[in-house]
Amino acid sequence: MCGIVGIIARKPRKISKNIFFANNQMYRRGPDDEGFILFNDNKIDVCYGIDTPMESFKDKQAYYPSENIKSTFGNSYNIAFAHRRLSIVDLSSHGHQPMCDESRQYWIIFNGEVYNFKEIRKELKEIGHKFVSNTDTEVVLKSFIQWKEKCLEKFNGDFAFSIYDIKRDEIFLARDRIGIKPLYYAFENETFIFASDIKTLIASKLYTPKINWEGLYHNFSFSMTPRPNTSFENVFSLKQGHYMLLDCKTLKSQIIEYWDIPIGIQNLSMTENEAVELLENELKKSIEYRLLADVDVGTFMSGGIDSTTISAIASEIHPNIKAFTLAFDKSISKYDELEEAKATANMHNMTHIISKLDADVVLNNIDNMVLGYEEPFFHLAANFAISEIVKNHGVKVVLNGLGGDELFAGYGVYQNLRIWKKLVKFNPLIMLIPDALHPRVKTLKKYSKPKNIYEYYASSYSNYTDIEKNNIFRQSYNSLEEIANQYSKKDKSFTDDFELLSYLDIKSYIGNHHVHRTDQFTMHFSLEGRFPFLDHNLIEKAFSIPSKYKLNKGIPKYVLRKVAQKYISPKCLSMQKKGFGLPLEHWINNQLKDLVYQNIESLKKRDIFLNSGIDFILKNGTSTQKWQLVMFELWYQKFIESRITS
């Protein structure tokens, strides 16, 4: 895991200071090393920065940095790359980036991991390629030289990278299949900028942040604007499973999809035992891959099925692995899963590290969370709290249970599908019921309104309905249709509605929401997150398993439970789902009460939204709706008003 940033200008200009500012912003993404490469026609300046460990270079490879980046501030360049390194594999200076091949024609900056790089390296060596490092970065570079964009089909990993081909004067940008590693870009004043996060684009001083009102409108529903759009005007995310080709002379680009989740491939003749065996084998392979590192690896372990199963299997492959669990105070015990986590830890050879959540650690870091989310978000981050604990124990890589619910029907959106199909038939009558008749009438109306499966999905994940947003925003859009606009597959047919919901969960809920915030908060502590359930091979196999083994007789994650029962405590299997959350409602009414009031009042004075709508939410809204208004105000202060990025 690292940080990357690049600037491509149509005409030579002084951009080395901009790349320097941008790379400084990414310090937490890679405190172990940094490097720069600057191009102007045939001139190449390979530069070091204050955090480049020059004393570690035992030989002067082709990408050896020979100039201080500050010495180039007065020069003009067309292209600038910079890299921040968090050393995970091959900790030597041979892993320094930007990296080039022997001819110095191809230059790469790479963020992420390719877990099967040793197999690919062997194949490349048999073809005749030579290597100077033991890194996956060099394997990615040589793979591109050998197979061009087809190399992406060979990689099993989480990545975002850019390669500059000097002879073709072309940039190749690519992102992993699931979108685990972020990649944002903007076009501004005949300049193309890309980076690992939006803060870095702003820190370059080449992009001026402005609000994308349509993106923000959808953000209030889904808490992250459905990608490729963002809440920032002219800032886009490269979609997962896509690559971009950029002509450096014209700045014209084309974006091409190289992978999508396979649909319509359920093996309806598969038996239950076959499904269990298939999932167990794929999960073990995925976990084994994600334990590869030259540094300490640990796990996030709540008491839920997903993370305890991963931790248990990991402990068999990697004895004594450190498993981290958050414990909660008795006053907020409904979030606590400590007893379940303990029960599983006692069954395995793992070092179980339990840390009681200190509310002050979270509450005193709200500003850091605002910067991390990069968009107004409706909640606070448990990932922030546990990432700091993991970092303090000397662990640099951590496995995460994300993906089990999305692949195996673990959420209410799957269990409520039958109810919606009945309710939608009676929507006209339901809409006539007065809201005051019963507290649940409003919920009944919300779930009967969607006209199709895409709208049902969007409604199920909406923090605000379009009606509620129309009372706040001065311009309205349609968030219920946005999910269909982004992810509908007119040329493909799904086996059933469960498969469609799972597809949307992987593309939208994980791709836009979960991996973004996990990346941001693990990276804040220079920590790499890895996700065994999101291995693309496992996902493809999971989509071949019939839906009846995912939600079976009302039991969610049925096939995963069958695998898990071999490894984890029965307490984990019987526990009611709690989710990995924080007690926002409790804090809003107590420790955060003054902060909420002050920021809402500040927001109302701006006259950005309709104050009558804000007042309605304060009186009748949920805690997450109120908090999203607070987070908008804090986001606006930092990103739009002050342009603070760290």
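Some notes on this structure:
- Only protein heavy atoms count here; on that basis, with a 1.4 Å probe, residue 91 has an accessible area of about 90 Å².
- Among residues other than residue 66 with Cβ under 12 Å from its Cβ, the summed charge is -1 (Lys and Arg +1, Asp and Glu -1).
- Extreme residue, positive dipole direction of the chain, given options 38, 335, 248 (C-beta unit charges): 335
- The calculated FRET efficiency for the pair residue 576 and residue 339, based on their C-beta separation and a Förster distance of 22 Å, comes to about 0.95.
- Ratio of Rg to Rh over region 491-608 (Cα coordinates, Kirkwood Rh, two decimals): 1.09
- Percent of C-alpha pairs per 5 Å bin, region 5-89, short to long: 3, 15, 27, 25, 17, 9, 3, 0
- Net charge contributed by nearby residues that have their C-beta within less than 13 Å of residue 36 (K/R +1, D/E -1): -1
- Cα-centre dipole for region 1-110 with unit charges at Cβ (Lys and Arg positive, Asp and Glu negative), debye to 20: 600 debye
- Options 351, 376, 364, ranked by Cα towards positive dipole end of region 349-395, top entry (Cβ charges): 351
- Net length gained if the chain between residue 418 and residue 11 were fully extended (0.36 nm per residue, minus Cα distance): 140.7 nm
- Using θ = phi - 60° and Karplus 6.51 cos²θ - 1.76 cosθ + 1.60, couplings along region 544-559 (whole Hz; Gly, Pro as x): 8, 7, x, 4, 5, 8, 9, 10, 10, 6, x, 8, x, 6, 4, 5
- The calculated FRET efficiency for the pair residue 269 and residue 119, based on their C-beta separation and a Förster distance of 35 Å, comes to about 0.65.
- Cα gyration tensor category, rounded, prolate or oblate, for region 241-373 with a/c compared to 1.5: oblate
- Approximating the spin labels as points 7 Å out from Cα along Cα→Cβ, the residue 252-to-residue 361 distance works out to 5.4 nm.
- Whether region 423-480 is rounded, prolate or oblate, judged on the alpha carbon gyration tensor where a/c under 1.5 counts as rounded: oblate
- Net charge dipole, the chain: roughly 1140 debye, given to the nearest 20, about the Cα centre with Cβ charges of +1 for Lys and Arg and -1 for Asp and Glu.
- Between residue 126 and residue 391, full extension at 0.36 nm per residue minus the direct alpha carbon distance yields a gain of 91.4 nm.
- Extension gain, residue 50-residue 644: 0.36 nm per intervening residue step, less the Cα-Cα distance, totals 211.6 nm.
- For the chain, the convex hull spanned by the alpha carbon atoms encloses 159 Å³ per residue.
- Per residue accessible area in Å² of the chain, where ligands, DNA and RNA are left out and the probe is 1.4 Å: 39 Å²
- Value of relative contact order over the chain, rounded to a whole percent, pairs C-alpha under 8 Å and six or more apart: 16 percent
- If R0 is taken as 35 Å, the Cβ-Cβ distance between residue 491 and residue 187 corresponds to a FRET efficiency of 0.75.
- Tail beyond 16 Å, pair distance distribution of region 48-141 (Cα, percent): 59 percent
- Cut-off 13 Å, label 7 Å out along Cα→Cβ of residue 146, residues of region 111-125 by amide N: 117-125
- Here the scattering of region 114-183 is modelled by Debye summation over its C-alpha atoms, one equal scatterer each and no solvent; at q = 0.18, 0.19, 0.22 Å⁻¹ the log10 of I(q)/I(0) is -0.68, -0.76, -0.99.
- Computed from Cα atoms, the angle from the helix 623-635 axis to the main principal axis of the chain rounds to 30 degrees.
- Note on the chain: antiparallel DSSP beta bridges, both residues inside, total approximately 75 percent of the bridges counted.
- All other residues whose Cβ lies under 10 angstrom from that of residue 535 are scored, Lys and Arg at +1 and Asp and Glu at -1, for a net of +2.
- Rounded to 10°, Cα long-axis angle of helix 305-317 versus longest principal axis of the chain: 40 degrees
- What you get for region 496-571, charging only the Cβ of Lys and Arg (+1) and of Asp and Glu (-1), is a dipole of about 540 debye around the Cα centre.
- Rounded to whole numbers, the Karplus 3J(HN,Hα) couplings from phi for region 279-286 are 5, 4, 5, 5, 5, 4, 5, 5 Hz, using 6.51 cos²θ - 1.76 cosθ + 1.60 with θ = phi - 60°, and x at Gly and Pro.
- Considering helices alone, the calculated mean residue ellipticity of the chain at 222 nm is -10500 deg cm²/dmol, with DSSP H runs of length four and up weighted by -39500 (n - 2.57) and normalised per residue.
- Taking a quarter of the surface of the Cα convex hull of region 74-127 gives a mean projected area of 5.5 nm².
- Seen against the Cα atoms of the chain and their longest principal axis, helix 382-392 is set at about 40 degrees.
- Region 1-73: relative contact order in percent, alpha carbon pairs under 8 Å with at least 6 residues between: 31 percent
The values are calculated or read from the model by the stated rules, or taken from the named source; none is laboratory data. Treat the numbers as computed from the prediction; the structure is a model and nothing was measured. Using ideal geometry, Cβ is built from the backbone for each residue, glycine included, and neighbour counts are taken over all protein chains shown. Accessible surface is based on the protein model in full, side chains and every heavy atom, while ligands, DNA and RNA are left aside. Shrake-Rupley method; radii C 1.70, N 1.55, O 1.52, S 1.80 Å.
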